[in-house]
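Before any comments, here is the structure.
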Amino acid sequence: MTEPTLPHADTALTLSLPDEPATVRLGGALADLLRRGDMVALRGDLGAGKTALARAIVRALTGDPDEDVPSPTFTLVQMYDTPDGTPVYHYDLYRLEDPAEALELDLEDALADGITLMEWPDRLAGWLPRDRLDITLGTTGPTARRVTLAPAGAWTRRADALSALRKDFAA
C-alpha cells in the first residue's frame, strides 16, 4: 500500500490492529471523539478496511451494534441517525468521476450539520475540507491492519485525545 504524504504528518499516529475486533474497538474509540461538523477521510487500497472501520464508527454512534451498515459503493451515500439527533453520513466516492458531482450528494449539508465519514476522499480533489481527520488503512496480514490517524486543521487541537489511543493499539 502506498500512503499519501500528508501535510500534517508530523501529528500522525500509527496503530496496529491485529483483527476485526480491534477494528471495531478503534471505531468505538473514534466515535467517542466525533462531534457535529466533523469529517473523517478514509484512505486505503481496495480491501484495506475502510468500510469495516466506517461500519464500526456508525454502529458506535447509533448505539446499535446490529445496525445494518451497507457499503455505499453504489448509492454513494448512506445516512444514519444518532440518539442525540446528529446525522451521520457515510460516503463512498469511488465511482465519482467529477468532484462537482459531490454537490448533488448534499455534501455541503453533511459537512455543516452532521458527522461525515468519507471513503475515497481524494475524488474530491481540492474540495476536501481543511478540518478533518485523515485515516489511512493498509493490510499487514489476513486480518491485520496498520492504521495512520493524521489530524488536519481544527482536528490538530484533538491530537492529545488521538494519542491516548496509542495505549490500546500497539504500533
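Observations, loosely collected:
- In the stretch 33-88, residue farthest from ALA22 (Cα to Cα) [restricted to those that are in contact (Cβ under 8 Å) with a residue 60 or more places away in the chain and part of a strand (DSSP E or B)]: MET39
- So ARG95, is it closer than 20 Å to ASP131 by Cα, among the basic types (Lys, Arg) and not in a helix (DSSP H, G or I): no
- Residue count, the stretch 121-171 (criterion: in contact with a helix residue (DSSP H, G or I) (Cβ under 8 Å, 6 or more places away or on another chain), in a loop (DSSP other than H, G, I, E, B) and closer than 20 Å to ASP32 by Cα): 3
- From the options ALA56, ALA60, ALA41, residue that is in contact with an Asp or Glu (Cβ under 6 Å, 6 or more places away or on another chain) and either under 26 Å from ARG157 (Cβ atoms) or among the acidic types (Asp, Glu) (or both): ALA41
- Residue match in the stretch 99-113 (condition: part of a loop (DSSP other than H, G, I, E, B) and under 20 Å from ARG25 (Cβ atoms)): no
Matching residues to (1) loosely packed, with under 15 Cβ neighbours inside 10 Å; (2) within 22 Å of LEU162 (Cβ to Cβ):
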site	(1), (2)
GLY27	no, yes
ASP32	yes, yes
ALA56	no, yes
ALA60	no, yes
ASP66	yes, no
SER71	no, no
THR75	yes, no
ALA100	yes, no
GLY114	no, yes
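- Any hit, the stretch 93-109, residues being modelled with pLDDT of 85 or more, of a type in the set (A, V, I, L, M) and touching a Leu at 6+ places or on another chain (Cβ under 6 Å): no
The values are calculated or read from the model by the stated rules, or taken from the named source; none is laboratory data. Predicted model, so just to flag it, every value in this text is computed and none were measured. Cβ coordinates were reconstructed from backbone atoms using ideal geometry, including for glycine residues, and neighbour counts include every protein chain displayed.
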